[in-house]
Amino acid sequence: MSDYSDEAQDELISTLLAVVLVCALLSLLSLSHACPKECSCNSNTKVVDCRGRGLYDIPRRLHPDTQELYLQDNRIRGLGSMAFKEIPLVRILDLSNNSITSVSPTALLGLRTLQRLSLAYNSLREIDKRLLGPIRSLSHLDLSHNSLWGLPGAMGDSLRNLSHLGLAHNRLTRLDRSLLEALIHLDSLTLRDNPWRCDCQLIGLKLWLETYLFKGGVVDEVFCSQPEEMRDRDLQKIPYQLFHACMTTSYHYLFANIHHLESERLLRGHTHGNHAHPSSHALHVPMAIGEGLGGGGGGGGGSMPECEPKQKQRPVNLRHAIATVIITGVVCGIVCLMMLAAAVYGCAYAAIMAKYQRELKKNEDFWAWLGTMEDSLQNKSFLKIRP
């Protein structure tokens, strides 16, 4: 009987130890995903707020279900490889107003559901083309108030679903045209307060902006900083003829773009009756001048050398050019009709005059014959009267 009670006690002790061990493991597991002490967390909304906490690095032990992480107003200086691997489901990531100078190309690796990213108010000089490679759901990207010299054109594939892009207050002088053409869903774009160089390399941006605004896009302003004679002028209002020196070898590029703009307008009017969205038809812009025309921020740049815009020309813009072509065609048509009328009138006048001359000659011959007959009659009468 005592042996049986000893065995029961041993079994009870083993069970208690197992329960204690499980509890300890559960507590450790919960601690490993607890809210970082520097932040405040909301388990219901899955929001982690670490704003203004003087952080120098990304906090650890973040819960893997975190969907929104706010890290603005801290002292973070860089983002290492897979810096957010603990929170693969995050949708909103705000890193604005820090001191970030470098970002690893793999810093955002694993964030396949990221929708909004803000790196505004930092000290970034460049963005690696691989940074946003694995992210296809990004719809909002704010890179304003940095020191960016350009964006690589290869980033376009990662930004196809972007609806807002903020690039204001940087050091951009041009943008890669292939990047701009990839932004097929873009609704708003900020470009103000950049030192844009309005030379041959920027005409691609001018053409793209006209197409973008025609399709309903929103952009703030693009004021030129260089060259000196273009300073403080709005790129959208600079006449195309001031870029004539850039287009002497490929002048048909402009008229091809005008043709496609008109085709897009007609297509838009046709599809409006079928309730089709106008932005669903992408405007094709010919590549007659080459990639250098679109500029090359970051990885761009083309083979065409830079040239200063020609200044001593009569200023015209795109609409004036179209109107001039139409008016010239109408005037030429009127002149051709007048020339045709003059030719018909001349032919008719010549025919009438020829007929008149023939009739006049016939009359002269008749009166000459009549005069001859009269003379002969008079001679015969004279001979009869003479004794």
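Data for the structure
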| read-out | value |
| --- | --- |
| Test for residue 65: is it open to solvent by 70 Å² or more (accessible area, probe 1.4 Å) and over 22 Å from residue 129 (Cα atoms) | no |
| Members of segment 163-203 that are within 13 Å of residue 222 (Cα to Cα) and of a type in the set (Val, Ile, Thr) | 173, 190, 203 |
| Criterion violated by residue 117 - all others in (1) closer than 23 Å to residue 151 by Cβ; (2) assigned to a loop (DSSP other than H, G, I, E, B); (3) of a type in the set (A, V, I, L, M) satisfied | (2) |
| Residue that is touching a strand residue (DSSP E or B) at 6+ places or on another chain (Cβ under 7 Å), open to solvent by 40 Å² or more (accessible area, probe 1.4 Å) and of a type in the set (D, E, K, R), where the choices are 91, 112, 77 | 91 |
| Scan of segment 102-146 for residues that are of a type in the set (Lys, Arg), under 21 Å from the mean Cα position of the chain (by Cα) and over 22 Å from residue 86 (Cα atoms), ordered by number | 129 |
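The values are calculated or read from the model by the stated rules, or taken from the named source; none is laboratory data. A quick note: this is a predicted structure, and the numbers were derived from the prediction, not measured. Don't worry about glycine lacking a Cβ; one is built from the backbone with ideal geometry, like all the others, and counts go over all protein chains shown. What goes into the accessible areas is simple: the full protein's heavy atoms, side chains included, and nothing from ligands, DNA or RNA. Shrake-Rupley method; radii C 1.70, N 1.55, O 1.52, S 1.80 Å.
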